[in-house]
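The values are calculated or read from the model by the stated rules, or taken from the named source; none is laboratory data. This is a predicted model, so every value here is computed, not measured. Cβ coordinates were reconstructed from backbone atoms using ideal geometry, including for glycine residues, and neighbour counts include every protein chain displayed. When the accessible area is computed, the model is the full protein with side chains, heavy atoms only, and any ligands, DNA or RNA have been set aside. Shrake-Rupley method; radii C 1.70, N 1.55, O 1.52, S 1.80 Å.
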Amino acid sequence: MQLQFVRSATFFLRLAGVTLLVDPMLNPAGAVDPVPNTPNPRRNPLVDLPFDDATLLRLLGEVDGVLVTHLHRDHWDPRAVELLAKDLPILCQPEDEGRIREGGFTRVLPVVGEREWRGITFTRTAGHHGTGEIGRLMAPVSGFVLRAAGAPTLYIAGDTIWCAEVAEVLARHRPAVTIVNAGGARFLTGDPIIMTAEDVAQVCRALPGMPVVATHLEALNHCLLTRAELRAALEREGLSGQVLIPADGERLDLATAAGAA
């Protein structure tokens with residue numbers, strides 16, 4: 001099981017002989033307006049893709065399917081809709097099926113509870129994309145647990161804070177590796193809408209020793225937590241050795257990380 005991180009929440013995942021693209025945000029840097037009502041009014045994405053267009057097209061040509069946790073523009077953007085082949089299988093939460101089909105995609109595979117595709121079982125999981133009224137307005141969002149014969153169980157938590165639903169997934173499925181979105185994104189009012197450093201620490205404490213991959217950092221104007229700040233916070237808690245914080249474009253061998261845990 002290998003992961004090539006792209007930026008933000010976007011990555012390629014190789015699992016059981018299948019290549020998945022997860023939450024594609026493919027716009028060039030500065031292509032869209034800042035997320036409004038946030039403390040850092042810079043245009044998004046803040047950084048370019050870590051490879052040129054020719055490499056991007058080659059990588060997209062190797063993709064067998066796409067997993068979309070939800071349709072916020074930092075997880076499914078217009079350039080992804082433009083570049084992805086319209087006959088690619090798109091796995092998604094049921095609420096997003098119609099809008100994805102409106103983009104011309106003909107093989108949309110909603111995951112209601114559990115769905116098997118190409119030897120991989122996808123189990124949809126819940127979370128909270130913030131608290132209170134903001135969390136309700138940001139919904140629906142999903143995470144997914146992925147299982148395949150001979151491969152470590154992987155939990156992609158999606159855009160969620162630490163909450164009872166995430167704790168339940170970890171206790172029930174006991175994944176070998178968990179990927180969390182950890183940029184501490186927030187608006188000018190209200191609580192963070194994805195994980196903070198303390199939330200990542202809570203994930204680590206829930207399953208001690210389980211490798212955690214922290215993504216969704218330093219690519220969007222409302223994600224205020226930096227990689228350096230996250231590392232420092234985890235070091236203070238004695239948890240830095242449990243968390244992988246990939247650079248844009250970096251490759252990770254998740255099977256090796258899981259085996260070393």
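Please report the relative contact order for the chain, taking Cα pairs under 8 Å with a sequence separation of at least 6, and give it as a percent rounded to a whole number.
20
Assuming R0 = 41 Å, can you tell me the calculated FRET efficiency for the pair Arg42 and Thr106, based on Cβ-Cβ distance, to the nearest 0.05?
The formula returns an efficiency of 0.65 here.
When a/c reaches 1.5 or more, the comparison of a/b and b/c decides; with that in mind, is the chain rounded, prolate or oblate per its Cα gyration tensor?
Cα axes put the chain in the rounded bin.
For Trp162, what residues show an amide H to amide H distance below 5 Å, using hydrogens built from the backbone and excluding near sequence neighbours?
Thr196
Taking amide H atoms as placed 1.01 Å from N in the peptide plane, list the residues 5 or more away in sequence, or in a different chain, whose amide H sits under 5 Å from that of Thr125.
The answer is Gly143, Phe144, Val145.
Suppose we keep just the DSSP beta bridges with both residues in region 126-261; what percent of those would be antiparallel, to 5?
25
Across 5 Å bins from the origin, how do the percents of Cα pairs in region 1-63 run, short distances first?
Reading upward from the zero bin: 4, 16, 24, 22, 14, 9, 7, 3, 1.
With both bridge residues required to lie in the chain, what share of the DSSP beta bridges run antiparallel, to the nearest 5%?
Taking every DSSP beta bridge within the chain, about 60 percent pair in antiparallel fashion.
Might you tell me the accessible area per residue for region 99-188, computed with a 1.4 Å probe and given in Å²?
43
Show me 113-119, 10-16, 181-187 ranked by packing, highest mean number of other Cβ atoms within 10 Å first.
181-187, 10-16, 113-119
Normalised by the number of residues in region 192-260, what is the relative contact order in percent for Cα pairs under 8 Å and 6+ residues apart?
36
Not counting ligands, DNA or RNA, and with a 1.4 Å probe, what is Glu235's accessible surface area in Å² rounded to the nearest 10?
120
On the protein heavy atoms, probe 1.4 angstrom, tell me the percent of accessible surface of the chain carried by carbon and sulfur.
Reported share for carbon and sulfur atoms: 51 percent.
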